[in-house]
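> This structure is in structure tokens; I'll ask about it shortly.
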Amino acid sequence: METVVLLSKAVAVLGQFPVLAGADLTVQRGEIVLLQGPNGAGKTSLLRLCAGLLPLSRGEAVVLGCDLATDRDSVRKRVGMLGHANGLYTDLTVTENVRFWGATVGAKRGEVDAAMARMGVGDRLADVPVARLSAGQKRRTALACLVARRAELWLLDEPHSGLDAAGRDELDSTLREATRAGATIMVASHELERAGALATRLVEVIGGRIREQPIATPPSTETAGR
Amino acid sequence: MAVTQNRITNTTATDPLAERSVEPAKRRRGGATGTRFTFVLGAATIASMALLVLFGLFLSPADITQGESVRILYIHVGTVWVAYVAFGVTAIASALFLWKRTTSLTWDRIAGASAEVGVLFMALTLFAGSIWGRLSWGQFWVWDARVTTTAFLFITYVGYLAVRGLGGSHQQRGRRSAVVALLAVLEIPLVHFSVKLWRGLHQEASVAGTTKVQLENLMLFSLFLALIAFTLLYVWLVMHRQRVLAMQDALDDKGLDYALAARRAESSTAATTSATTTAATGGTV
Amino acid sequence: MFRVARYIAAKDLRIELRSRVVVNQVLPFAAIVMVMFAFALNTDAIVSRVAPGLIWLATMFSLLILVQRSFAIESADGATDALKAAGVDPAGIFLGKAFALAVQLLVLEILLLMPAIVLYRARVQWDSVVLLVTTFLAATCGLALVGTLYGGLAAGVRGRETLLPLLLLPVVAPVLIGATRATEAAFHTGGAVVADGWSWLGLLAVFAALFGVGGTLAFGPLIED
């Protein structure tokens, strides 16, 4: 099993504040890791570190075989990140946005269209400027851009926010499909009930460090086991 | 987890990424930036400055055309020489910082210290030059190539210092300001050349032209004395300033250590609280 | 690198076409600036004499706004981060944005030239049209390149609105000098002849070339976190 993310006593600093104060984490390929924790714990910073956006101050961090202490550039092309903001150009239409982000990895027209269809922003919304979309539609467009990039490691920060129930289910099935295709996923989310359904592993981020949590098994499985 | 608490201060042994803290061993007093070398250097500076005052103000003769006002020359040439040397050093130090093999924050700090001293001396140059201009040909300012380039260099390095003050990690600061310094090296000759070409078209350049000062023996000697005295002063200032910057950076790192300890303490208490809650509710998340 | 530059430039220009900020906001600003110059300088003869300088001054001030705008569209919805996270080649981003900025700047200058000629009663002869066109092209390239470079630096930091003018204006001084002199030669103001203008054009070309290369190398390290 290939280790996609390896963090050892990783310290990352934002200004003068240590957002990550010695994080230890190992993620294997194909896992879906759910990051939970209070606000300010460092979930976003952890994702940004793995995306190569936040510089490593101390400790060790190896993502997809790239040592983040010395080289943050090579990891970026293989990682797809969806942050709090959508990363969209508000004056352009949905199609233009997804095509642009697809172009950053050289995706073909067909892949781009498929990504849009998958996230439900093809057809009606295709030629609408992003500024005129609802928050949920913008989120889905951003996800379509992410899908079009065919990343090996997906880093999602509160991806469910703004989505309705159908949108969330669609997102979850897209994520599972991506892992079947070989991707690895790390999701930071406050959605507790999705833990069992979506994630293969649960991790708590607290005070800039990480603790593993067992995923609660539903009562029915336990009784069936006996 | 408790073990790491003790190892926070002992960063150099375990952490290749952490900066080496400034060793206090070589300092004369804890916290001061003086060493034996700078003491000797400082004494030499004072001595040469005293000699300069003697020769410049008293022993060297007055100029035939300009009279006593030519004595400003010694200060003016001294400061302009230092200013240009300072910026040269900033450029070289910036290049060394960016070059992979010699990269070290010391070069960044030397670049910064040198730029600060350079800006100071550049201001002095413009001031002394302005006074001298008023005394010898009645103008406080003149638009010739060298004067204008000097003014532009001054503004450019004020901008450089502004970039240094932008915040962020030490590495970020170093990288950003080093690039800006090297771009300035690119830009200044262009400014100089364009102003020269510009003023070359104007016949009135002769008013601003090179000051016709007859440099006879004693005056020449005083001039060299000025160069030496000011160079010593420059080196002394930059050494001290660089050390102060190093101490500031070390202070920032120490601050990070304390912040790390505080954050870890916060997470330990939070962990114990949540652990007890988990136990109380029977293990469900 | 050039592939990246192409789709970045296309994106920037498409956004400008949609939002029309240059034509709706920056152009009126530049026009007002030129009118204010006329107010400040008072005499018709003086204004005609310094017309080339005023055109380029107005262009420099507009450059500041255009550069800010160029990077504002990125930070609007977090696209700057997304571009960095996507590992897009910074040299490509630099060239692409510089190209888009150059096009916008050129459009602005052409639209400024008309009222300038009218307001300032400048005279353009046919033999100087070649000089005029090449001057505008060379100067615009230089301005766009430096603007994008320092704009990228200022975009990510605090005090960006005040930092950009402080850094950029000293750097564009050679372009101001060169472009103004060359334009004077083209307009035959103050007895300048077209032949004089070509040496200034050389300066503009060198400037653009140096910052083209320098910027491509420097942009990546400059915007890095």
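> Just checking, how many residues over the range A:98-110 are out of contact with any helix residue (DSSP H, G or I) (no Cβ under 6 Å at 6 or more places or on another chain) and not aliphatic (A, V, I, L, M)? Working first, answer last.
Within the range A:98-110, the subset out of contact with any helix residue (DSSP H, G or I) (no Cβ under 6 Å at 6 or more places or on another chain) is A:104-106, A:108-110.
After this cut, where a residue has to be not aliphatic (A, V, I, L, M) as well, the list is A:104, A:106, A:108-110.
Total satisfying the criteria: 5.
> Look through A:Ala151, A:Ala107 and report the one residue that is buried (at least 19 other Cβ atoms within 10 Å of the Cβ), over 29 Å from A:Glu193 (Cα atoms) and within 14 Å of chain C (Cβ to nearest Cβ). Give the derivation first.
Values: A:Ala151 fails: over 29 Å from A:Glu193 (Cα atoms).
Criteria check complete, one pass: A:Ala107.
> Taking the options B:Glu19, B:Glu23, name whichever one is out of contact with any strand residue (DSSP E or B) (no Cβ under 7 Å at 6 or more places or on another chain), at pLDDT below 55 and surrounded by fewer than 11 Cβ atoms within 10 Å (Cβ to Cβ).
B:Glu23
> Within the set of pairs 6 or more residues apart or between chains, which connect a residue that is within 10 Å of chain C (Cβ to nearest Cβ) and surrounded by 18 or more Cβ atoms within 10 Å (Cβ to Cβ) inside the range B:142-164 to a residue that is assigned to a helix (DSSP H, G or I) and basic (Lys, Arg) with Cβ atoms less than 7 Å apart?
The qualifying pairs are B:Val163/B:Arg176.
> Report, by residue number, each residue of the range B:35-72 that is part of a loop (DSSP other than H, G, I, E, B) and modelled with pLDDT under 80.
Listed by number, the residues that qualify are B:Ser60, B:Pro61, B:Ala62, B:Ile64, B:Thr65, B:Gln66.
> All but one of (1) more than 14 Å from every other protein chain (Cβ to nearest Cβ); (2) in a helix (DSSP H, G or I); (3) at pLDDT below 85 hold for B:Leu197, so report the exception by its number.
So B:Leu197 meets the others, but not (1).
> Considering only residues of the range A:1-15 that are in contact with a Leu (Cβ under 9 Å, 6 or more places away or on another chain) and within 14 Å of another protein chain (Cβ to nearest Cβ), which is nearest to A:Cys50 (Cα to Cα)?
A:Leu7
> Any idea which of C:Ala40, C:Ala79, C:Ala31 is touching a helix residue (DSSP H, G or I) at 6+ places or on another chain (Cβ under 8 Å) and surrounded by fewer than 21 Cβ atoms within 10 Å (Cβ to Cβ)?
Values: C:Ala40 fails: touching a helix residue (DSSP H, G or I) at 6+ places or on another chain (Cβ under 8 Å); C:Ala79 fails: surrounded by fewer than 21 Cβ atoms within 10 Å (Cβ to Cβ).
None of the others qualify; the one that does is C:Ala31.
> Could you please find all residues in the range A:16-36 being of a type in the set (Gly, Ala, Ser) and either touching a Cys at 6+ places or on another chain (Cβ under 8 Å) or within 14 Å of another protein chain (Cβ to nearest Cβ) (or both)?
Taking the range A:16-36 as the starting set, the residues that turn out to be of a type in the set (Gly, Ala, Ser) are A:21-23, A:30.
Passing the criteria: A:Ala21, A:Gly22, A:Ala23.
> Moving to a separate point now. Conditions first: (1) at the interface with chain B (Cβ under 10 Å from one of its Cβ atoms); (2) over 29 Å from C:Leu222 (Cα atoms); (3) among the β-branched types (Val, Ile, Thr). C:Thr162 passes all but one, so which condition is the exception?
Of (1) at the interface with chain B (Cβ under 10 Å from one of its Cβ atoms); (2) over 29 Å from C:Leu222 (Cα atoms); (3) among the β-branched types (Val, Ile, Thr), only one is false for C:Thr162: (2).
> In addition: Would you be able to say whether some residue in the range C:180-192 is buried (at least 17 other Cβ atoms within 10 Å of the Cβ), in contact with a helix residue (DSSP H, G or I) (Cβ under 9 Å, 6 or more places away or on another chain), facing chain B (nearest Cβ under 10 Å) and part of a helix (DSSP H, G or I)?
yes
> Please work out which one of (1) at pLDDT below 90; (2) out of contact with any Lys or Arg (no Cβ under 7 Å at 6 or more places or on another chain) is the condition A:Arg48 fails and give its number.
Of (1) at pLDDT below 90; (2) out of contact with any Lys or Arg (no Cβ under 7 Å at 6 or more places or on another chain), only one is false for A:Arg48: (1).
> Looking at the range C:197-219, which of its residues are farther than 19 Å from B:Ile188 by Cβ, surrounded by fewer than 17 Cβ atoms within 10 Å (Cβ to Cβ) and within 11 Å of chain B (Cβ to nearest Cβ)?
Answer for the range C:197-219, where residues must be farther than 19 Å from B:Ile188 by Cβ, surrounded by fewer than 17 Cβ atoms within 10 Å (Cβ to Cβ) and within 11 Å of chain B (Cβ to nearest Cβ): just C:Ser199.
> Which of the residues belonging to the range C:131-152 are among the aliphatic types (A, V, I, L, M) and at pLDDT 90 or above? Show your work before the answer.
Taking the range C:131-152 first, the residues among the aliphatic types (A, V, I, L, M) are C:131-133, C:137-139, C:143-146, C:149.
Listed by number, the residues that qualify are C:Leu137, C:Ala138, C:Ala139, C:Leu143, C:Ala144, C:Leu145, C:Val146, C:Leu149.
> Is it the case that A:Thr90 is more than 8 Å from every other protein chain (Cβ to nearest Cβ) and either basic (Lys, Arg) or surrounded by fewer than 23 Cβ atoms within 10 Å (Cβ to Cβ) (or both)?
On the way: more than 8 Å from every other protein chain (Cβ to nearest Cβ): no; either basic (Lys, Arg) or surrounded by fewer than 23 Cβ atoms within 10 Å (Cβ to Cβ) (or both): yes.
It is false that A:Thr90 is more than 8 Å from every other protein chain (Cβ to nearest Cβ) and either basic (Lys, Arg) or surrounded by fewer than 23 Cβ atoms within 10 Å (Cβ to Cβ) (or both).
> Ok, one more. Does C:Gly53 satisfy being in a helix (DSSP H, G or I), surrounded by 21 or more Cβ atoms within 10 Å (Cβ to Cβ) and within 14 Å of another protein chain (Cβ to nearest Cβ)?
no
> Among (1) modelled with pLDDT under 85; (2) under 14 Å from C:Ala86 (Cα atoms); (3) of a type in the set (Gly, Ala, Ser), which single condition is A:Gly122 missing?
(2)
> Which members of the range B:165-194 meet the condition of being buried (at least 19 other Cβ atoms within 10 Å of the Cβ), over 14 Å from the mean Cα position of the chain (by Cα) and more than 8 Å from chain C (Cβ to nearest Cβ)?
Listed by number, the residues that qualify are B:Arg173, B:Ala184, B:Ile188.
> Output the residue which, of all residues in the range A:47-67 that are at positive phi and more than 8 Å from chain C (Cβ to nearest Cβ), is surrounded by the fewest Cβ atoms within 10 Å (Cβ to Cβ).
Initial filter on the range A:47-67 (at positive phi): A:52, A:59, A:64-65.
Next, from what is left, pick out any that are more than 8 Å from chain C (Cβ to nearest Cβ): A:59, A:64-65.
On the way: A:Gly59: 22, A:Leu64: 21, A:Gly65: 12.
Across the range A:47-67, the extreme among qualifying residues is A:Gly65.
The values are calculated or read from the model by the stated rules, or taken from the named source; none is laboratory data. Not measured: the values here are computed from a predicted model. Here the Cβ is made from the backbone with ideal geometry for all residues, glycine too, and neighbour counts use every protein chain on show.
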